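Quick notes on the structure that follows.
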Amino acid sequence: MQVIYDQADPWELYLKTLNQCIEQYSCKSLCEIGGGAFPAISLEQINRQKLDYTILDISQVELDRAPQGYRKLLADICQPDLNITEQYDFIFSKMLAEHVKDPELFHSNVYKLLKPGGIAFHFFPTLHSLPFMINWLLPEFIANFLFKLFVCNDPIEHKRFSAHYKWCKGPTKKQISNFEGLNYEILVYQGFFGHKYYQRIHLLRDIHKLVVKLLARFPNPYLTSFAFVILRKKS
Ligand SMILES: C[S@@+](CC[C@H](N)C(=O)[O-])C[C@H]1O[C@@H](n2cnc3c(N)ncnc32)[C@H](O)[C@@H]1O
């Protein structure tokens, strides 16, 4: 297992990492969990690379917002008796893990949907970062107000979903044992320090920059803001 700490912007690294996984592990059948309105991979790339690509989402409204041409599957990844017979080389999610109420069921359902040796890649925010801690603690109506103020004021472009942040931490011992307990091999656990939520408050932004520099020198898995985890189903 490779544990990495980074100050880079995970939003910029996400697609690169996704494509590296597809290439490195020769993945042809892909399933994006919670792909919703904004699937990560374009139809152009899917056709060019002859990928077999499915977006799975709990919300028909979100699936309908995704462009026509994608294979769409309406399902709750946390359903105990998830009835999907297909298996995939590669299953991935972006900003989904923090929304699921039962993380064990989520990751064990993903495990079942993977072919032996298949790869899972999840990108999620981590709980102890202050903006996410506040989002977790606040009543929904206040969290919605702050989301509009600091993140996005356009409910069509970016809808807010309730977040629980279960199993959403950096590479802590507990997180590692959670994934290993489900029989996954952890290939990479990458924790990212810092975020861009303080851009509009200059003093806070500057203090935050200093804290991030300090964390990069003295990494702590509890103080990341985002994480990538790349897992393999043991064959
Ligand atoms: C914050 S959005 C992220 C959408 C997209 N991945 C992106 O980054 O733009 C979360 C998505 O996960 C879906 N979702 C939430 N819980 C889910 C579940 N239990 N099973 C499947 N999809 C779920 C929501 O409907 C929504 O489309």
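The values are calculated or read from the model by the stated rules, or taken from the named source; none is laboratory data. Computed from a predicted structure; not experimentally measured. FYI the Cβ positions are ideal-geometry reconstructions off the backbone, even for glycines, and counts take in every protein chain you see.
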Check your understanding: Among the listed residues F192, F218, which satisfies the condition of being aromatic (F, W, Y) and closer than 20 Å to E98 by Cα?
Key -> F192
Practice item. Considering every residue within the range 19-29, establish whether at least one is under 16 Å from the mean Cα position of the chain (by Cα), surrounded by fewer than 19 Cβ atoms within 10 Å (Cβ to Cβ) and not in a helix (DSSP H, G or I). Key: no
Check your understanding: Residues of the range 27-50 being on the phi > 0 side of the Ramachandran plot, out of contact with any His (no Cβ under 8 Å at 6 or more places or on another chain) and at pLDDT 95 or above, which ones?
Key -> K50
Review point. Only one of (1) in contact (Cβ under 8 Å) with a residue 24 or more places away in the chain; (2) out of contact with any Ser or Thr (no Cβ under 9 Å at 6 or more places or on another chain) fails for I134. Which number is that?
Key: (1)
Exercise for review: With respect to Y222, determine if the residue is within 23 Å of the chain's Cα centre (by Cα), surrounded by fewer than 17 Cβ atoms within 10 Å (Cβ to Cβ) and not basic (K, R).
Suggested key: yes
**Study point:** Count of residues meeting criterion [farther than 17 Å from A8 by Cβ and either in contact with a Phe, Trp or Tyr (Cβ under 7 Å, 6 or more places away or on another chain) or assigned to a loop (DSSP other than H, G, I, E, B) (or both)] in the range 182-198
**Key:** 5
Point to revise | Every pair of residues 6+ apart whose Cβ atoms lie under 8 Å, when the first sits in the range 75-104 and is touching a residue at least 40 places away in the same chain (Cβ under 8 Å) and at positive phi while the second is within 13 Å of the ligand (Cβ to nearest atom) and small (G, A, S) | key: M95/G34
Practice item. Return the total of residues in the range 50-74 being within 13 Å of the ligand (Cβ to nearest atom) and either closer than 14 Å to I91 by Cα or surrounded by 15 or more Cβ atoms within 10 Å (Cβ to Cβ) (or both). Key: 12
Review point. Could you list, in sequence order, the residues of the range 101-120 that are within 12 Å of the ligand (Cβ to nearest atom) and either aromatic (F, W, Y) or at pLDDT below 95 (or both)?
Key: K101, F106
Check your understanding: When both residues are 6+ apart or on different chains and their Cβ atoms are under 7 Å apart, which pairs have a first residue that lies in the range 4-20 and is within 16 Å of L187 (Cα to Cα), and a second that is part of a helix (DSSP H, G or I) and not polar (S, T, N, Q)?
Key -> Y5/A216
Check your understanding: So which residues in the range 81-100 are within 9 Å of the ligand (Cβ to nearest atom) and in contact with a Gly (Cβ under 8 Å, 6 or more places away or on another chain), if there are any at all?
Key -> S93, K94, M95, L96, H99
Point to revise | Given (1) assigned to a loop (DSSP other than H, G, I, E, B); (2) in contact (Cβ under 8 Å) with a residue 24 or more places away in the chain; (3) buried (at least 17 other Cβ atoms within 10 Å of the Cβ), index of the condition I41 fails | key: (2)
